[in-house]
Amino acid sequence: MESMREEESLKALYKDAFHIGAAVNPLTIDSQRSLLAYHFNSLTAENEMKFSSLHPEENLYTFENADVIAAFAREQGMALRGHTLVWHNQTPDWLFENETGGKAERDLLLERLRSHIQTVVGRYKDVIYCWDVVNEVISDENDESAFLRPSKWLDIVGEDFIAKAFEFAHEADPQALLFYNDYNESNPHKRERIYRLVRSLLDQGVPIHGVGLQAHWNLYDPTLDDMRAAIERYAQLGLQLQLTELDVSVFRFDDRRTDLTRPEKGMLELQAERYESIFRLLYEYREHISAVTFWGAADDYTWLDHFPVRGRKNWPFLFDESHAPKPAYERVAQIPKRAAMEKK
């Protein structure tokens, strides 16, 4: 089926710039197999490697779905990103409770985390080259004094749960690249908090190798100036940058409409312009950016169909619901080709 596609593959077009990735699950591996194999050279598990998916009970690991993704990556020779070891969401209650149902003690929680990381990272170390070790610990509050998000991790362990997670992951796989991952990463307030956190980890000698910019963006926000400022700021850390969860919603975040069954006239052209400007920026900074991963692959499956407006369809990718290239694909494909022509 791969050979039936007529457009040039993204992974070939961007081979000298960065990996082109997609978040997948067992169902999309089945339904989008030829699209994934043709265009992408990197994968991320959408939900299947999160704590509650892999380790729902203290003495029970459920690896079946994660194994499907790892097997597909091996079969296709694709890079695989691990997502995610520590998060405030999708984490089972048992982790934070002691034997009597009270709050777990600091040492117990850290030992459980270390055991989980040893088991999970160890299982996939032959195929996973990098991990989103810690996910979304920075506060979104506008209060200038805000820094870390309140969580059970912070409450029980204290701020050093972040450093400990990176140390445990490095111990489990010394070859893996270890990332801090967050959203609203281009917001100036949050950007400076993320920078402060990663800078402090580096100053402590914590093994951290990259910053993950989730990049859940839309046609209007954030501004290109804020994206550029964020890339330049994080690049000052001297670490790899990766866009880890890219999608471009056709709606503003506060647009609550649910009546569209197809994109409005002009939406796809605006999206094409937006993707072109984003990828032009990313290509400019390819020296610092090692991967660009979409949070999905085509418009037939996206988490944005339900978020933030339940039941609303969205069309955030370069490929439509039948996996055909959209105008946005055409614009993104032209950038490295144009750059190659200018070199001649």
In terms of the Cα gyration tensor, with a ≥ b ≥ c the square roots of its eigenvalues, is segment 84-155 rounded because a/c is under 1.5, prolate because a/b exceeds b/c, or oblate? oblate
Computed accessible area, His209, all protein chains, 1.4 angstrom probe, square angstrom: 60
How would His83, His288 rank on accessible area, largest to smallest, probe 1.4 Å? His288, His83
Using a Gaussian network for the chain with springs between C-alpha atoms less than 10 Å apart, which of these wobbles most: Arg262, Arg114, Arg74? Arg262
Whole-Å distance linking the alpha carbon centroid of segment 35-60 with that of segment 136-156 is 26
For the chain, give the percent of accessible area contributed by carbon and sulfur heavy atoms, probe 1.4 Å, rounded to a whole number. 47
Gaussian network model of the chain, Cα within-10 Å springs - most flexible of Thr261, Thr223, Thr84: Thr261
Where does the Debye-calculated log10 I(q)/I(0) of the chain sit at q = 0.06, 0.10, 0.15 Å⁻¹, using only Cα point scatterers of equal weight, no solvent? -0.21, -0.60, -1.37
Provide Thr91, Thr258 ordered by accessible surface of protein heavy atoms (probe 1.4 Å), highest first. Thr258, Thr91
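What fraction, in whole percent, of alpha-carbon pairs in segment 1-148 exceed 21 Å separation? It would help to have the intermediate numbers written out before the result.
Numbers: 5750 of 10878 pairs.
When all Cα pairs of segment 1-148 are counted, 53 percent exceed 21 Å.
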Quick check: Cα centre of segment 174-236 to Cα centre of segment 75-100, how many Å? 21
Two decimals is fine: what is log10 I(q)/I(0) at q = 0.25 Å⁻¹ for segment 207-268, from a Debye sum with one equal scatterer on every Cα and no solvent? -1.10
In order through segment 184-197: 3J(HN,Hα) via Karplus (6.51 cos²θ - 1.76 cosθ + 1.60), integer Hz, x for Gly, Pro: 6, 6, 9, 5, x, 5, 6, 3, 5, 5, 4, 4, 4, 4
If you plug each phi of segment 289-300 into the Karplus form 6.51 cos²θ - 1.76 cosθ + 1.60 with θ = phi - 60°, what whole-Hz ³J(HN,Hα) values come out, in order, with x for Gly and Pro? 9, 9, 7, 10, 10, 7, 8, x, 9, 8, 6, 6
At q = 0.11 Å⁻¹, what is the base-10 log of I(q)/I(0) for segment 267-344 according to the Debye formula with one equal point scatterer per Cα and no solvent? Please give it to two decimals. -0.34
Take the chain, connect every pair of alpha-carbon atoms lying under 10 Å apart with a spring to form a Gaussian network, then pick out the residue of Ala71, Ala230, Ala45 with the largest mean-square fluctuation. Ala71
Once both axes come from the Cα atoms, what is the angle between helix 327-343 and the longest principal axis of the chain, in degrees from 0 to 90, rounded to 10? 80
Along the principal axes of its C-alpha atoms, what lengths does segment 97-201 span, in descending order and rounded to whole Å? 39, 39, 19
The pairs in Lys103/Lys164; Lys11/Lys164; Lys50/Lys313; Lys190/Lys343; Lys103/Lys125 lying past 27 Å Cα-Cα in this model are Lys11/Lys164; Lys190/Lys343; Lys103/Lys125
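Using just the alpha carbons, could you tell me how many Å³ per residue the convex hull of segment 18-100 encloses? Kindly include the intermediate steps, with their values, before the conclusion.
Details: hull volume 7.5 nm³, N = 83.
Hull volume normalised by residue count: 90 Å³.
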Compute the acute angle (0 to 90°) between the alpha-carbon long axis of helix 224-235 and the principal axis of greatest extent of the alpha-carbon atoms of the chain; round to the nearest 10°. 50
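Semi-axes, largest first, in whole Å: what does sqrt of 5 times each Cα gyration tensor eigenvalue give for segment 232-272? Could the numbers behind the result be given before it?
Numbers: eigenvalues 213, 28, 16 Å².
Three semi-axes, in Å: 33, 12, 9.
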Probe radius 1.4 Å, ligands and nucleic acids left out: which of Lys11, Lys343, Lys190 has the largest accessible area, and how do the rest follow? Lys343, Lys11, Lys190
Relative contact order for the chain using alpha-carbon pairs under 8 Å, separation at least 6, rounded to a whole percent? 16
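The values are calculated or read from the model by the stated rules, or taken from the named source; none is laboratory data. Worth saying up front: this structure is predicted, and the values here are computed from it rather than measured. Each accessible area value is taken on the protein alone, full model and side chains, heavy atoms only, with ligands, DNA and RNA left out. Shrake-Rupley method; radii C 1.70, N 1.55, O 1.52, S 1.80 Å.
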